[in-house]
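Remarks on the structure that follows.
The values are calculated or read from the model by the stated rules, or taken from the named source; none is laboratory data. On a predicted model such as this, the values are computed, not experimentally measured, just so you know. In this analysis, Cβ positions are derived from the backbone assuming ideal geometry, glycine residues included, and neighbour counts consider all displayed protein chains. These accessible areas exclude ligands, DNA and RNA; they are computed on the full protein's heavy atoms, side chains included. Shrake-Rupley method; radii C 1.70, N 1.55, O 1.52, S 1.80 Å.
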Protein chains: 2
Amino acid sequence: MCTTEDKIINASIVLFSKKGYTAVTTKEIAKEAGVSQMTLFRHFESKHNLFERSLDKFVFSPKSKALFESLEWDLEKDLNKICSSYQDVLYKNQKIILMHLKNEELNPHFEAVLYKFPNEFKKLLSNYFEEMRNRGAIIENPETLAVNFLTTSFGLFFTSLVMNKLTFDTDIQTCISNYIKIFTKCISLL
Amino acid sequence: MCTTEDKIINASIVLFSKKGYTAVTTKEIAKEAGVSQMTLFRHFESKHNLFERSLDKFVFSPKSKALFESLEWDLEKDLNKICSSYQDVLYKNQKIILMHLKNEELNPHFEAVLYKFPNEFKKLLSNYFEEMRNRGAIIENPETLAVNFLTTSFGLFFTSLVMNKLTFDTDIQTCISNYIKIFTKCISLL
DNA sequence: CCATCATGTTAGTTCTTACTAACATCATCT
DNA sequence: AGATGATGTTAGTAAGAACTAACATGATGG
């Protein structure tokens, strides 16, 4: 299957994101990974080092350039693509995001990574809306639209993540497509 | 000013929400409160007890009934009112929300409180949209609209809370009014 | 002025946790 | 078969945290 280091890193991601750095013990991580505590220290020297290595391994970055090039200048289709991609990035980094939220001392390197996504997507979307405005498809301010769109996407993602489906019975996929349908109609009509 | 117990509870709210339960020490809380550690224990017996009492004291509940009765059946005005009220509840409970996010073992009593707001507002808004649909002001599904509206509100709130204004230069108030303007035009046109 | 009460101080107990050292085991490669 | 290397085991250290006990201080109120 996978190496000892991988097993340990995987276990630590699971636990750190569930409980936060301080609340997790190395003993616990070792047990979750199915190795002895000693093995953990032999591979990673310290708990903090393990934490850093976990981060490095698990930050997932999107290929926004490829995404942008695949757009077809059809509002609903494109927004669906962009939103899916954004949700995907958020989803793939959810453990990292949770870890971030649960830790007091924030790793600067890590913060930068975390803020990269929203900003990248904002630039991408602003450009897209700008172009769409030039084509006469919409008339609203591109940046306003972009921020609105991304914040809602983030809200949807985060609601489902934090509330763990306890709030609102509508599932997230339905929410997203509803949202995009309305948003599209809306901005092309304005 | 305020009693010793208040000072301690205030300090603990600040610290628990910043770092999470495990990562905060009673020594730290005492220092932040400007009292001795002994005084803390004399008043609250244990760290966990202090935590529970902090929760009890700081959960702020909205008066949604009064809110609903104050509505004027003017879409933009009403949505602004509802959104402000929602943001206000979220804002006033932000420390609690952060505390919740940072703690592994979730207090069930507390969880219930946390999920109450979104659900309460969802019911309120659904009813509102339902009535607006009956009046012919909108045609979309009330529940869909409600979920959309609340998720975006939550997204806005949470973005500004977590990202701490590092993402997106647009400030949250502008975002909100932009959003409501667009949303209003949108659903009354559809 | 004296009793009371809240607080501070200091020292200490117990427990947990990060982390280490030394030795044991066991599979793999030569 | 024997050497090597990765892992387990056990015991232990050092630091920090929750929490306690005993005594000191200092303000308040009758």
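List the aspartates and glutamates whose Cα lies under 19 Å from the Cα of B:LYS47, skipping any in the same chain that are fewer than 8 positions away.
The reachable aspartates and glutamates, counting only those whose Cα sits under 19 Å from B:LYS47, are A:GLU104, B:GLU5, B:ASP6, B:GLU28, B:GLU32, B:ASP56, B:GLU104, B:GLU105.
So what's the net charge close to A:ILE9: Lys and Arg +1, Asp and Glu -1, counting the other residues with Cβ under 12 Å from its Cβ? If you can, show how the numbers build up before the last one.
Details: positive: A:LYS7, A:ARG53, A:LYS57, A:LYS95; negative: A:GLU5, A:ASP6, A:GLU32, A:GLU52, A:ASP56.
Within the 12 Å Cβ shell, the charges total -1.
How far is helix B:108-134 tilted, in degrees, relative to the longest principal axis of the Cα atoms in chain B, given as a value from 0 to 90 rounded to the nearest 10?
10 degrees
For the protein assembly as shown, what does the alpha-carbon gyration tensor say about shape, rounded, prolate or oblate, given a ≥ b ≥ c as the root eigenvalues, a/c under 1.5 as rounded, and a/b over b/c as prolate?
Values: a/c = 2.35, a/b = 1.32, b/c = 1.79.
Oblate is the answer for the protein assembly as shown, as a/c is 1.5 or above yet b/c matches or exceeds a/b.
Strictly under 4.7 angstrom between C-beta atoms: which cysteines of chain A have no such partner?
Flagged as lacking a Cys partner: A:CYS2, A:CYS83, A:CYS175.
May I ask for the distance between the Cα centers of segment A:24-54 and segment B:1-78, given as a whole number of Å?
First find each Cα centre; the distance between them is then 34 Å.
Let's see if you can work this out: charge +1 on each Lys and Arg Cβ, -1 on each Asp and Glu Cβ, no other charges. What is the dipole magnitude of chain A about its Cα centre, in debye to the nearest 20? Walk me through the numbers on the way to the answer.
Numbers: 24 positive and 23 negative charges, 89 e Å.
The calculation lands at about 420 debye.
Which of the residue pairs B:LYS57/B:LYS92; A:LYS27/B:LYS18; B:LYS65/B:LYS185 have a Cα-Cα distance greater than 22 Å in the structure shown? Working shown, then result.
Values: B:LYS57/B:LYS92 12 Å; A:LYS27/B:LYS18 26 Å; B:LYS65/B:LYS185 26 Å.
Over 22 Å Cα-Cα: A:LYS27/B:LYS18; B:LYS65/B:LYS185.
Using a label position 7 Å from Cα in the Cα→Cβ direction, what is the ascending list of nm distances from B:SER177 to the same site in the other copies?
Its label point is 3.7 nm from the equivalent points in the other copies.
Can you list the aspartates and glutamates whose alpha carbon is less than 18 Å from that of B:LYS63, not counting same-chain residues fewer than 8 positions off?
Answer for B:LYS63, where 18 Å is the Cα cut-off: B:GLU72, B:ASP78, B:ASP88, B:GLU120, listed by chain and number.
Using a 1.4 angstrom probe on heavy atoms only, work out the carbon and sulfur share of the accessible area of the protein assembly as shown in %. Write down the numbers at each step before the final one.
Numbers: 9030 of 17380 Å².
The computed percentage sits at 52.
At B:CYS2, with labels set 7 Å past Cα in the Cβ direction, how many nm apart are the copies from this one, shortest first?
Label-point separations across copies, in nm and ascending: 4.6.
Which single residue of chain B puts its beta carbon nearest to the axis of rotation relating B to A, and what distance, in whole Å, does that give?
Per the B/A rotation axis, the closest residue of B reads B:GLY155, 1.
For chain B, what relative contact order do you get, as a whole percent, if you take Cα pairs closer than 8 Å and at least 6 residues apart? Please report the intermediate quantities before stating the final value.
On the way: 152 pairs, mean separation 40.4, N = 190.
Computed value for chain B: 21 percent relative contact order.
Placing the label point 7 Å from Cα along the Cα-to-Cβ direction, what are the distances from B:ASP56 to the equivalent spots in the other copies, shortest first, in nm to one decimal?
Here B:ASP56 shows inter-copy label distances of 4.8 nm.
Does segment B:41-88 classify as rounded, prolate or oblate by the C-alpha gyration tensor (a ≥ b ≥ c root eigenvalues; a/c under 1.5 gives rounded; else a/b over b/c gives prolate, otherwise oblate)?
On the way: a/c = 7.79, a/b = 4.24, b/c = 1.84.
Since a/c reaches 1.5 and a/b is larger than b/c, the shape of segment B:41-88 is classed as prolate.
When a/c is below 1.5 the answer is rounded, else prolate if a/b is larger than b/c, else oblate, so apply that to segment A:4-58 with a ≥ b ≥ c taken from the square roots of the Cα gyration tensor eigenvalues. Working shown, then result.
Values: a/c = 1.37, a/b = 1.17, b/c = 1.17.
The shape class here is rounded.
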